[in-house]
Amino acid sequence: MDQLLTGIHQFHTNVFQHERSFYTKLASGQHPSALFIGCSDSRVDPSIITQARLGELFVLRNAGNIIPCHGASNGGEPATIEYAVSALGVKDIIVCGHSGCGAIQAMLQPEKMAKLPLVRGWLNQAEATRQIVTENYSQYSGPALLEIAVREHVLVQIENLQTHPAVAVKLQRGDLTLHAWIYQMDTGEVLAYSTADGGFAALNHLAPHEASKRSVANHRKAKKPSSR
Ligand SMILES: [Zn+2]
């Protein structure tokens, strides 16, 4: 705790005071461009891995970066998503999983959560991921299975996200882009899924115009009605 209190002092003295106009301007309102949905893991900080400044990302984090389907949870997730999309008007939603995710590991071994009933109940929201992995990747185990599960999981959450009415409306209008990312803790890379090639690729190896194309295809976007 002492380290955190020292940090608060250092922030106010060395950071806030030096950029007072930037921080006080933020006090008048927020206009984030993206909603970042990630894991609560202490090693995966959205602002660190994207180098975003305050005010740029609206952030939703929970154990396992889970997005319950619309109607499946009365928790903060659906409200946060609705507010980001409908009130703040974010143009992008990033769902970011990460390598070595303890929540995904626990989801694969639910018997180890006997003494954590709330965690077990929460991870039940990711049952689709568990079944996809156990039924389709039975030849894998250990770290390789976890890596597959992390990737499948983020794609399942992208599907869940689209069941939320606010998201569906903006997708239909073509006003929203969805991104499935994986943060690799051992290399510092961020992998992004592209529907075009059906795989993940490291964004830092791509030119900006190539990196910006790696997103989830919007199949909801309305086709222009044909003229008669
Ligand atoms: Zn995690």
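Values computed for the structure shown
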quantity: Length added when fully stretched, A87-E56, from 0.36 nm per residue minus Cα-Cα; calculated: 9.6 nm
quantity: Spacing of the two label points (7 Å from each Cα toward its C-beta) at S33 and D197, in nm; calculated: 2.4 nm
quantity: Cα gyration tensor shape of segment 68-141, rounded if a/c is under 1.5, else prolate or oblate by comparing a/b with b/c; calculated: prolate
quantity: Pairs of Lys in the chain closer than 21 Å at Cα, counting only those 8 or more apart or on different chains; calculated: 11
quantity: Per-residue Cβ neighbour rank within 10 angstrom, fewest leading, T129, T24; calculated: T24, T129
quantity: Zero-based 5 Å bins, Cα pair distances in the chain, whole percents; calculated: 1, 6, 12, 16, 18, 16, 13, 9, 5, 2, 1, 0, 0, 0, 0
quantity: DSSP bridge pairs, the chain: antiparallel proportion in percent, nearest 5; calculated: 30 percent
quantity: Relative contact order computed over the chain (Cα-Cα under 8 Å; 6+ residues apart), in percent; calculated: 19 percent
quantity: Ranked C39, C69, C101, criterion: other C-beta atoms within 10 Å, fewest first; calculated: C69, C39, C101
quantity: Kyte-Doolittle mean at least -1.0 and Cα axial length at least 27 Å: DSSP H helices in the chain; calculated: 142-161
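No lab work stands behind these numbers, since they all come straight from the coordinates. From a predicted model like this one, the values you see are computed outputs, not experimental measurements. All Cβ positions, glycine included, derive from the backbone under ideal geometry; neighbour counts span all protein chains shown.
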